[in-house]
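Quick one: the structure is below, and I'll ask about it shortly.
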Amino acid sequence: MYSFTEENYLKAIYKLSDNNGSGVSTNSIAENMQTKAASVTDMIKKLSDKKLLKYEKYKGVNLSQKGKDVAIQTIRKHRIWEVFLHEKLKFGWEEVHEIAEQLEHIQSELLINKLDEFLGYPTHDPHGDPIPGENGEFHNNAFVSLDTVEANKKVILSGVINHSVPFLQHLKKIDLTLGQKLMVIEINEYDRSLKLLLNGKIEIFISNEVAKNILVK
């Protein structure tokens, strides 16, 4: 049993970690958690005492396998709750994250597994992020950012990189949501903005910055 704060730290460190084994700095964690470096140092010691992470001076923090397991299961709960809130309770994709942040700390594995079954074992959350399985395995994504797609190629909107409320509200306003069929009609040579055909009939324009944050397949 771990506290809300401990799980949040483990999740943050997991998301900040790369695959080459480089440690995560105290300052990076503090920035992500929006707290002071001194508070991070205190929590690192606490999590280290519980064998959830390893800290080396000047090299940063790496999660132990035990710490990774807790982080992944917290992410799993979060994303399953997002699916439930979006699909069953009809919350917008810009609304589900904050509520799921609270629900992800429910400890009952039985409840989460039952919820997963009830939802039909979804593989991705409402933002297109993969949902870890019961054993912690992730589904591989073959998504690319929309700004890399060539003209006249048909794709499906499958996820977003930017999860901020203003960005998701912007996409919703112009009817860009998961599953929409897109085709790049024109790429502006000056600023790389895109002219898109939405569902084969509606023309819309988006900036290059927006395109960089949209994932398609």
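Just so you know, all these numbers are worked out from the coordinates, no wet-lab data involved. Computed from a predicted structure; not experimentally measured. Because the Cβ atoms are built from the backbone with ideal geometry, glycine has one as well, and the counts that use them run over all protein chains shown.
Could you tell me whether any residue of region 116-133 is in contact (Cβ under 8 Å) with a residue 60 or more places away in the chain and either more than 27 Å from residue 26 (Cα to Cα) or in a helix (DSSP H, G or I) (or both)?
Yes, because at least one residue in region 116-133 is in contact (Cβ under 8 Å) with a residue 60 or more places away in the chain and either more than 27 Å from residue 26 (Cα to Cα) or in a helix (DSSP H, G or I) (or both).
For region 1-45, give me each residue that is part of a loop (DSSP other than H, G, I, E, B), more than 19 Å from the chain's Cα centre (by Cα) and not aromatic (Phe, Trp, Tyr).
Those that are part of a loop (DSSP other than H, G, I, E, B), more than 19 Å from the chain's Cα centre (by Cα) and not aromatic (Phe, Trp, Tyr): 1, 3, 20, 21, 22, 23, 25, 35, 36.
Sticking with this structure for a sec: Here are some residues: 104, 6. Which one is crowded, with 16+ Cβ neighbours inside 10 Å and either free of Cβ contacts under 8 Å to residues at least 12 places away in the same chain or farther than 19 Å from residue 122 by Cβ (or both)?
6
Out of the residues in region 91-108 that are in contact with a helix residue (DSSP H, G or I) (Cβ under 8 Å, 6 or more places away or on another chain) and in a helix (DSSP H, G or I), which is farthest from residue 138 (Cα to Cα)?
Checking each candidate, the answer is 99.
Follow-up question, since we're still on this one. When you go through 212, 173, 195, 201 one by one, which is the residue that is at negative phi, surrounded by 14 or more Cβ atoms within 10 Å (Cβ to Cβ) and free of Cβ contacts under 8 Å to residues at least 12 places away in the same chain?
After applying the criteria, what remains is 195.
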